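Beneath this line is the structure, given in structure tokens, with notes to follow.
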Amino acid sequence: MLTAENTQSVKVRPVVRPFYNDTSVFIEEEPVNFMKQVQHKNCISLYHYKEIPQFLSGNPYILHGYRVHLPFNLCIKSLFVWSNETINIWSHLIGFFIFLTLMLYDIVVTIPNFNGVVADYFIMSFGLLCFQYCMLCSTGYHLFGCHSERSCEWWLGVDMGGISIGVIGCYIPAVYYAFYCMTIWRDIYILIICLLTVSTLFLQRFQDFSSKRWFRMRILIFTALAACGVIPSAHWIYLNNGFSATIVQIFIPKVAVLYILGMIALAFYLSRFPERLRPGMFDMIGSSHQCWHFVVVIAFLWCYNSGREILQYRIINSCTL
């Protein structure tokens, strides 16, 4: 990993500590000519918050380490430059390879050992492919968002689409195996989930959806999409005669943990904790968005493991009339 301290090709602009007013808004300075950094094709400059354009100024508590207006080749090269996006990029890029490896392992080892059928290969692979897509969309946004304002907006839309696909990757295997013996309800809930996801993706086609003005509405829509899982979960408990059923006692705690992880991730995302307490201290390591990334990966892993366990349960315990 290259760092700004030990690599001549990485140029860090000298900056001073920021000055805050009472509302934590930075005093504006003269705009910086970002095109100077591309005069030397191998140079990647890192900027202070007060120097960056508006489209990159999403978090005023992250002060240093911004990449600005990089051409495509330098965006790729910045994978190996220590910036405030490095952990955001690599956490989900590594996450992609984790889920790819798990999918291949399931196809070759896990499902054959469970004596699974063709549908099991499809359902388990579908969930993991959704997770991989989500990881790649997030990686792309954090890697190429610094290219230009238009690129940032486009990749933000891709990233939000990836979140929707990641959510459906949790839903489909869970609903399929939870309602495995209740095929009518299984198909109804899968259809509803698909329609909700398609509706969310359709909304993302509108340019205003990616704007800061729609920030709260986006959060509300994605939260509602995730919270919709409570309805089939409650119905599933009822159809299995309540909490006394063995399958309910095994898997409802797993559903509860998944939602707890989701709430923790959302809390990091919205609160901007801990950097709001000490602006500048968590620029490179430990910021709220980095915590959000790690919790999302953990939640997907938990969801995958729970899906694999309920698959095994369904194979061992056949449906009764």
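The numbers here are math on the coordinates, done by the rules we state, and not lab data. As the structure is a computational prediction, the values presented were derived from the model and not from experiment. All Cβ positions, glycine included, derive from the backbone under ideal geometry; neighbour counts span all protein chains shown.
What the table below lists for this structure:
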| item | result |
| --- | --- |
| Selection from Y49, L156, Y61, by position along the positive dipole direction of the chain (Cβ) | Y49 |
| Amide proton proximity set for L46, modelled H, under 5 Å, gap of 5+ | K11, V12, R13 |
| Within the chain, longest stretch clear of exposed GluC sites (Glu not before Pro) (DSSP loop, no more than 11 other Cβ within 10 Å) | 30-321 |
| Gain upon complete extension [A224, L79; 0.36 nm per residue less C-alpha separation] | 48.8 nm |
| Pairwise centroid distance, computed over Cα atoms, of segment 133-202 with segment 104-123, Å | 23 Å |
| Computed [θ] at 222 nm, helices only, for the chain once each DSSP H run of length n ≥ 4 contributes -39500 (n - 2.57) | -19500 deg cm²/dmol |
| Helix 230-239 vs. the chain, principal-axis angle (Cα, 0 to 90°, nearest 10) | 10 degrees |
| Anisotropy class of the chain from Cα gyration tensor, a/c 1.5 cut | prolate |
| Total charge dipole magnitude, the chain, about the Cα centre, Cβ charges on Lys, Arg, Asp, Glu only, Debye to nearest 20 | 160 debye |
| Among S83, S91, S151, residue whose mean-square fluctuation peaks in a GNM of the chain (springs only between Cα atoms under 10 Å) | S151 |
